[in-house]
Amino acid sequence: MRRTLNVLTVLFQTGLTLVFSFCVYMLFALFDYKGGIANFVGIVLFQPLAALLAAGSTLVFSFIVGLPIRINRQLNIWWRKHFYVSLFLALLGLGFCAASLTPLLIEAIPYGMDGMDLEYTVPNKFLSITGWFILSFGLLHLFPPYWLQQKVDNLFTK
C-alpha cells in the first residue's frame with residue numbers, strides 16, 4: 001500500500017507541475033499577443049504545443065536536479081518534514097514570474113521596420129526564466145506535510 005501512495009504522490013506532483021507550468025507559459029504567451037489572424041492561430045494551435053514541450057522538458061530537468069531528494073532517505077525525510085521549503089520555492093518562483101511582468105522590470109528591445117524605429121517590450125528574462133524553474137522545482141517536490149503522510153500511512157497499514 002505504501003508503494004501505491006508513493007506512486008499517487010508522484011502522479012499528483014507531476015500533474016500539478018505540468019498544469020502550473022502550462023498556465024504560466026500560456027499567460028506569458030497571452031501577454032505577447034498583438035492581435036491579428038496569424039497571431040491568433042499561433043496562440044490557439046502552436047503555443048499550447050510549445051507550452052507542453054517546455055513544461056515537459058522543465059519537469060524532466062527539475063526531476064533530475066531533485067533526484068537526491070527522492071533517493072537519499074535522510075534528505076527525503078528532512079524534505080518531507082520541512083514541506084514548507086518547497087511551498088516557499090513555488091511561491092518565490094511565482095513571485096519572480098509576476099515581477100518580470102511589472103512595468104519597472106520589463107525590458108525594451110529596439111528594432112527597425114519600414115524605416116521606423118520601434119520598441120518591443122518583453123518580460124525580464126532573468127526573472128521569468130528563474131521563476132519558471134524555481135516554480136517547477138518547488139511544485140514537483142511538494143510533498144504533503146510529514147504528519148499527514150504518517151497518518152495516512154498508519155491508516156493503510158492497519
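Rolling a 1.4 angstrom probe over the protein heavy atoms with all chains in place gives the range 1-157 an accessible area of 65 Å² per residue. Estimated at 0.36 nm per residue, the fully extended path between A50 and I37 surpasses their Cα-Cα distance by 2.8 nm. Can you list the residues of the range 75-99 with backbone N under 19 Å from a point 7 Å past the Cα of I129, pointing along Cα to Cβ? Once the point is set 7 Å along Cα→Cβ of I129, 93-99 turn out to lie under 19 Å by backbone N, inside the range 75-99.
Computed from backbone phi, the HN-Hα couplings of the range 15-32 come to x, 4, 5, 5, 5, 5, 5, 4, 5, 5, 4, 5, 5, 5, 5, 5, 5, 8 Hz, rounded to whole numbers (Karplus: 6.51 cos²θ - 1.76 cosθ + 1.60, θ = phi - 60°; Gly and Pro given as x). Can you list the residues of the range 26-59 with backbone N under 18 Å from a point 7 Å past the Cα of L101, pointing along Cα to Cβ? In the range 26-59, the label zone of L101 (backbone N under 18 Å from the point 7 Å along Cα→Cβ) covers 26-35, 43-44, 47-48, 51-52, 55. With both labels modelled 7 Å from their Cα along Cα-to-Cβ, the I71 to L155 distance reads 3.3 nm.
Between F61 and W78, how many nm apart are label points set 7 Å from Cα along the C-beta direction? The modelled label-to-label distance comes out at 2.6 nm.
The stretch between D117 and R2, if pulled fully straight at 0.36 nm per residue, gains 35.1 nm over its current Cα-Cα span. Summarising the amide proton neighbourhood of E107: residues at separation of 5 or more, or on other chains, whose placed amide H is nearer than 5 Å comprise V122, N124.
Note on the chain: with charges restricted to the Cβ of Lys and Arg (+1) and Asp and Glu (-1), its dipole about the Cα centre is near 1300 debye.
The values are calculated or read from the model by the stated rules, or taken from the named source; none is laboratory data. All values reported here derive from a predicted model rather than from experimental measurement. Neighbour counts are summed over all protein chains in view; Cβ atoms, including those assigned to glycine, are modelled from backbone coordinates with ideal geometry. Note: accessible area is taken over every heavy atom of the protein model, side chains too, but ligands, DNA and RNA are not part of it. Shrake-Rupley method; radii C 1.70, N 1.55, O 1.52, S 1.80 Å.
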